[in-house]
Number of protein chains: 4
Amino acid sequence: MIKTNKPDTDMPRRSIRRLREKKNRYNTILKAAEKLFSKKGFNQTSIEEIADLAEVSTGAVYFYFKNKDDLLIKLMHEIGHYLRKLLGKEFEKTDLTLNGFNNIPYAFLKNFCMGHPEKITIFFRESVGQSLEVEEQRKQLFVKLTLDIKDAITKISKEQGKNFISDFSIELIAVCIVGIYERVACHYFLWQDGSKNIQDIAEETASFMLGGINSLFKTGL
Amino acid sequence: MIKTNKPDTDMPRRSIRRLREKKNRYNTILKAAEKLFSKKGFNQTSIEEIADLAEVSTGAVYFYFKNKDDLLIKLMHEIGHYLRKLLGKEFEKTDLTLNGFNNIPYAFLKNFCMGHPEKITIFFRESVGQSLEVEEQRKQLFVKLTLDIKDAITKISKEQGKNFISDFSIELIAVCIVGIYERVACHYFLWQDGSKNIQDIAEETASFMLGGINSLFKTGL
Amino acid sequence: MIKTNKPDTDMPRRSIRRLREKKNRYNTILKAAEKLFSKKGFNQTSIEEIADLAEVSTGAVYFYFKNKDDLLIKLMHEIGHYLRKLLGKEFEKTDLTLNGFNNIPYAFLKNFCMGHPEKITIFFRESVGQSLEVEEQRKQLFVKLTLDIKDAITKISKEQGKNFISDFSIELIAVCIVGIYERVACHYFLWQDGSKNIQDIAEETASFMLGGINSLFKTGL
Amino acid sequence: MIKTNKPDTDMPRRSIRRLREKKNRYNTILKAAEKLFSKKGFNQTSIEEIADLAEVSTGAVYFYFKNKDDLLIKLMHEIGHYLRKLLGKEFEKTDLTLNGFNNIPYAFLKNFCMGHPEKITIFFRESVGQSLEVEEQRKQLFVKLTLDIKDAITKISKEQGKNFISDFSIELIAVCIVGIYERVACHYFLWQDGSKNIQDIAEETASFMLGGINSLFKTGL
DNA sequence: CATGAATGAGTCTTCATTCAT
DNA sequence: CATGAATGAAGACTCATTCAT
């Protein structure tokens, strides 16, 4: 990962500029890759095409990224990070009521799926079924995402003073929720044109999730 | 028919055997592909390896399958068909109560995921992010699967005399359920070693799904 | 080459029929090859396609023809034979005057080029630039054609009591005439649509040839 | 144009050398292809062989040429260009008399056929009967060649104040002449060993052509 | 740092030909 | 004789990656 060093005062100007340009190049290349991977598919995109679109040489791509897989991995991480932050931020807005939970799916659909079709393409399609390395990174990302959700559910349940029917429940809930997000995104944004009413999908998705969670609470007798 | 030597039917023995061998070859190749695709990944498997494992020539592979993609598509369809039949059969065993719905996830985990790890690998991983043709077929398969579930939910809701809060609900439920199946399979069988207690996962998954469905029923006022 | 035996009286009927069918098959296959070679090109046509069009098995093609080249060679010979016969017949109609020579080009254009576009395609294009064997046969055919023309010119010159400026002249004339036929055919029937007035082309071509021949006569001083 | 291409000032030496090497590589590969195509035939030559002879990798071949056909097309064009220039130069030496026309065939035989047997092989044999693209380019080349000759004949006829019997005559003459060149080259240099006295062939060929042309002049009444 | 020419292993795919039935 | 499944060698082409300049 390229370091995001803030320009220290004792750093010569040239170095600063070079650093900024470096950062720029890195991002330019990554954006080009994102565009092409989502448009043509990872396997159908060549390094040369990426270099062309980014207006750099193929060698430059290899200066900033270890190899083609690395490009995909970096993208995945970026997207994963973005998604986790988005969901996390949305969660913090809630009042830790299950009801407050309601608008997270909306944010997911509106800000993530709708706003960034390339991202869902890469995150849910192009990064699947590639090399071992990519798969491993993908797994770790999903695990983190699942943990985030686990934490959120835990917080809520604590706040609500409720317990789950088993220690395992929370994890399972998180896994289910991730699955729902994934398939809803694919179904309505990759396979359909995303023209369905987002509000509707979000509401019912939230209901479904809540219903699911509730059903795993230990009935308080 | 001119030939008089009918052993049992009007089909000569030779033809029968040849037909069987043909069917065998086709399946032998398909099984070899399944094994390798799931073990090494689609992209990392060469036609030659498949031919070797199936003990045929590369040409034979191309006699039975249009190309490499075709091999994957045929596998996908076979697996998809198998899964739909399995779920369908399990659904028919239920008493159309939501509770009867309970053991379907178990069947999925036990008979599909546990019994056929290669199948989930191909269905949920290796067939993703490949060519346009593969993606199209995959989509159609998932749409069928979703429709199956929609039908099932519809039947149950009718039997129960309940209505959903919107016309759209049933589809959304189906999409969510598919997503849950997918991610649970990946999470516990591709990424973990499948050693978790299946019974537990199945039960809670079923609970989650039921809770989700229930929460989209129109409250009966 | 399949023998064209006439049915001897002592030949069993079955054999006769078989012979006729054999001859038929041979021709059916050859016609299929002619059609496809001229339409798609020799290299772009597979034996299977020929077999399909002829409604026989690929094995049958190999029963009647040694290999793919053989098919082309047989076609070349057939076409060459046809052309030589056509030109020969036309020559015999002349009064051995150079003027009588006039309508041969017309016959070539009308009956050969116009009537059989597939034949010129194969004879002047598809049979060129293939294997050594094909090239050798093609050469021999052209040599024969050239000899035919040499003979014709010789006859005429004798009849007219004229001599050529060198012993070599007649051959050269023949070579030139063959070249003219070839290129005129290609130019107006392969590369253009053959819509130019045949009569015109024929007349001027004849004039050109005659002028050429005349100019190689020893001036009678 | 920004570059003031002074040979050494603003162009770094490295660039110059690289440019020369690039040009060299391109030509080395092209020469290797020419050699092999003419010796073994286009279809019988593999890219690997070309690369080996040129002492480059197969990839390098594809860096400089789109594909195998492209190699042939580039060769054809080079040869066609060479031939047209040769004939053009020879024509300019004439005094626009028909007699001056005499030594063009000699130049063709001596400098083109005799000096470059590989070129006639490729131009008149190996480039025939290949793909559609090759055929199209070949056609265009021959059309240009025919036009060159048309122009030449036109000039001469104007200079001589003679008219042809029809507007179409000039084109036909050009077509015939091209045909003669082609077949003479094939006959005496591809099919025979080129040992015939070139002088003789040239003279009589010229005579034949002139006779042909003359016979299409309108008789001056 | 940047370039982009060069590499060459890797793969899919084709198809003429054969031969057991 | 006819069939058509099976062979397997052959070859075009791609492209991630490297490295001299």
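So here's what we get for this one:
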read-out: Filter pass, A:Gly194 being under 19 Å from the mean Cα position of the chain (by Cα), free of Cβ contacts under 8 Å to residues at least 12 places away in the same chain and under 22 Å from B:Val143 (Cα atoms); value: no
read-out: Residue identified as charged (D, E, K, R), closer than 16 Å to D:Lys119 by Cα and away from DNA strand E (no atom under 16 Å from the Cβ) among D:Lys89, D:Lys85; value: D:Lys85
read-out: Residues located in region A:69-79, provided they are within 8 Å of DNA strand F (Cβ to nearest atom) and either touching a residue at least 24 places away in the same chain (Cβ under 8 Å) or of a type in the set (Ser, Thr, Tyr) (or both); value: A:Asp69
read-out: Checking D:Asn197 against (1) surrounded by fewer than 16 Cβ atoms within 10 Å (Cβ to Cβ); (2) of a type in the set (S, T, N, Q); (3) more than 9 Å from every other protein chain (Cβ to nearest Cβ), the condition it does not meet; value: (3)
read-out: Residue ID - farthest from the other protein chains (Cβ to nearest Cβ), chosen from residues in region B:45-72 that are under 18 Å from B:Glu118 (Cα atoms) and more than 12 Å from DNA strand E (Cβ to nearest atom); value: B:Ala54
read-out: Residue that is facing another protein chain (nearest Cβ under 7 Å) and either surrounded by fewer than 20 Cβ atoms within 10 Å (Cβ to Cβ) or touching a Leu at 6+ places or on another chain (Cβ under 7 Å) (or both), where the choices are D:Leu147, D:Leu210; value: D:Leu210
read-out: Failed criterion for A:Gln140 (all others in (1) modelled with pLDDT of 95 or more; (2) under 28 Å from B:Asp69 (Cα atoms); (3) of a type outside the set (A, V, I, L, M, F, W, C) hold); value: (2)
read-out: Subset of region A:100-142 [within 12 Å of another protein chain (Cβ to nearest Cβ) and either surrounded by fewer than 16 Cβ atoms within 10 Å (Cβ to Cβ) or acidic (Asp, Glu) (or both)]; value: A:Glu126, A:Leu132, A:Glu133, A:Glu135, A:Glu136, A:Lys139, A:Gln140
read-out: Residues of region A:165-194 satisfying the condition of being closer than 20 Å to B:Tyr188 by Cβ, more than 9 Å from chain B (Cβ to nearest Cβ) and not in a helix (DSSP H, G or I); value: A:Asp167
read-out: Condition met for C:Phe164 (buried (at least 17 other Cβ atoms within 10 Å of the Cβ) and over 22 Å from the mean Cα position of the chain (by Cα)); value: yes
read-out: Filter pass, C:Gly88 being at pLDDT below 95 and part of a helix (DSSP H, G or I); value: yes
read-out: Failed item in (1) within 13 Å of DNA strand F (Cβ to nearest atom); (2) under 19 Å from the mean Cα position of the chain (by Cα); (3) not assigned by TED's automatic domain parsing to the domain that holds A:Ile177, with A:Lys35 passing the rest; value: (1)
read-out: Which numbered condition B:Glu204 misses (of (1) in contact (Cβ under 8 Å) with a residue 12 or more places away in the chain; (2) at the interface with chain A (Cβ under 8 Å from one of its Cβ atoms)); value: (1)
read-out: Test for D:Phe42: is it within 15 Å of DNA strand E (Cβ to nearest atom) and either surrounded by fewer than 21 Cβ atoms within 10 Å (Cβ to Cβ) or outside any helix (DSSP H, G or I) (or both); value: no
read-out: Selection status of B:Lys35, touching a Leu at 6+ places or on another chain (Cβ under 9 Å) and either modelled with pLDDT of 95 or more or not hydroxyl-bearing (Ser, Thr, Tyr) (or both); value: yes
read-out: Single condition C:Ala202 does not satisfy, out of (1) farther than 26 Å from D:Val143 by Cβ; (2) touching a helix residue (DSSP H, G or I) at 6+ places or on another chain (Cβ under 6 Å); value: (1)
read-out: Whichever residue in region A:48-61 is part of a helix (DSSP H, G or I) and touching a residue at least 24 places away in the same chain (Cβ under 8 Å) and, among such residues, is farthest from A:Thr121 (Cα to Cα); value: A:Ala60
read-out: D:Gln137 being outside any helix (DSSP H, G or I), assigned by TED's automatic domain parsing to the domain that holds D:Leu87 and not acidic (Asp, Glu); value: no
read-out: Verdict on C:Ser157 being assigned to a helix (DSSP H, G or I), out of contact with any Asp or Glu (no Cβ under 6 Å at 6 or more places or on another chain) and more than 9 Å from chain D (Cβ to nearest Cβ); value: yes
read-out: Residue match in region A:47-54 (condition: more than 10 Å from DNA strand F (Cβ to nearest atom), assigned by TED's automatic domain parsing to the domain that holds A:Cys113 and touching a Ser or Thr at 6+ places or on another chain (Cβ under 6 Å)); value: no
read-out: Residue match in region D:77-84 (condition: crowded, with 16+ Cβ neighbours inside 10 Å, assigned to a helix (DSSP H, G or I) and not assigned by TED's automatic domain parsing to the domain that holds D:Ile156); value: no
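The values are calculated or read from the model by the stated rules, or taken from the named source; none is laboratory data. Since the model is a prediction, treat every value here as computed from it, not as a measurement. As a convention, Cβ positions derive from the backbone with ideal geometry for all residues, glycine included, and neighbour counts pool all protein chains shown.
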